[in-house]
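S.K.: Please see the structure below; I have some questions.
FYI, it's all coordinate maths here, none of it is from the lab. Because the structure is a prediction, the values reported are computed rather than measured. Please note: Cβ atoms are built from the backbone with ideal geometry, for glycine as well, and neighbour counts cover all protein chains shown.
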């Protein structure tokens, strides 16, 4: 079964958006705001995760908004499958859960944002715009519930914090090495230490947690 799309005159957003949620009222409200506030021309809808996989594989989806508890989705790890189908797409979890475990699992899966959908729709749009700008959005509540962030603030060296800052900016290992005037192998060693201290499983996960530390 496949979702559907409805187009309108091209807007400022360069690509289509997929809203994957089994609540029709939320999809309708969010779709309306995406078109009015962000000028999205094409919005796809899906009620089950199987539809999500089909739509992402078959269409040039630039942004996917995924409900963590939607039918057919057994957990955050499955969302990582979307990265292989559409590597350049921005993927955001849109969930009613503010559980630390759910947030960290989603970040570990490589999503670009975790937005708690109980907030007003206008605020949801602001968070989505932030992710669309190339940033990673993590709800502030994560910092409040993650002791590792406070520990990392005191344990990370100045050099490791510099590497973390460059990682947050999206720099590659080679670019970080050049900026800090160190060998690329040294950067890799610092990253390994950062990942261990933060409990991060990938660069996006580390960058998201790092923003809570450096902010």
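S.K.: Please compute, for the alpha-carbon atoms of region 107-215, the extent along each of the three principal axes and give them in descending order in Å.
M.R.: Its Cα atoms span 47, 28, 23 Å along the three principal axes.
S.K.: Note the direction-averaged projected area, equal to a quarter of the hull surface, for the Cα convex hull of region 176-215, in nm².
M.R.: That works out to 2.9 nm², a quarter of the Cα hull's surface.
S.K.: Starting from the alpha-carbon convex hull of region 79-148, give the projected area averaged over all orientations, in nm².
M.R.: 4.8
S.K.: Given an 8 Å cut-off on Cα distances and at least 6 residues of separation, report the relative contact order of the chain as a percent.
M.R.: In percent, rounded to a whole number, it is 16.
S.K.: Quick check on the chain: helices-only [θ] at 222 nm, where DSSP H runs of length 4 and up contribute -39,500 (n - 2.57) each and the sum goes over total residues. Nearest 500, please.
M.R.: Calculated from helices alone, the mean residue ellipticity at 222 nm is -15000 deg cm²/dmol.
S.K.: On a 0 to 90 degree scale, rounded to 10, what angle separates helix 203-214 from the longest Cα axis of the chain?
M.R.: Once rounded, the angle reads 70 degrees.
S.K.: Which order results if 195, 49 are arranged by neighbouring Cβ count within 10 Å, fewest first?
M.R.: So the residues, fewest neighbours to most, are 195, 49.
S.K.: A further question follows. Taking semi-axes √(5λ) of the Cα gyration tensor in Å straight from the coordinates, which label in (i) 34, 23, 13; (ii) 32, 18, 16; (iii) 26, 21, 18 is the correct one?
M.R.: This structure yields the entry labelled (ii).
S.K.: Give me the percent relative contact order of region 42-116, please, defined on Cα pairs under 8 angstrom at least 6 residues apart.
M.R.: Relative contact order of region 42-116: 31 percent.
S.K.: What percent antiparallel are the DSSP beta bridges of the chain, to the nearest 5?
M.R.: 20
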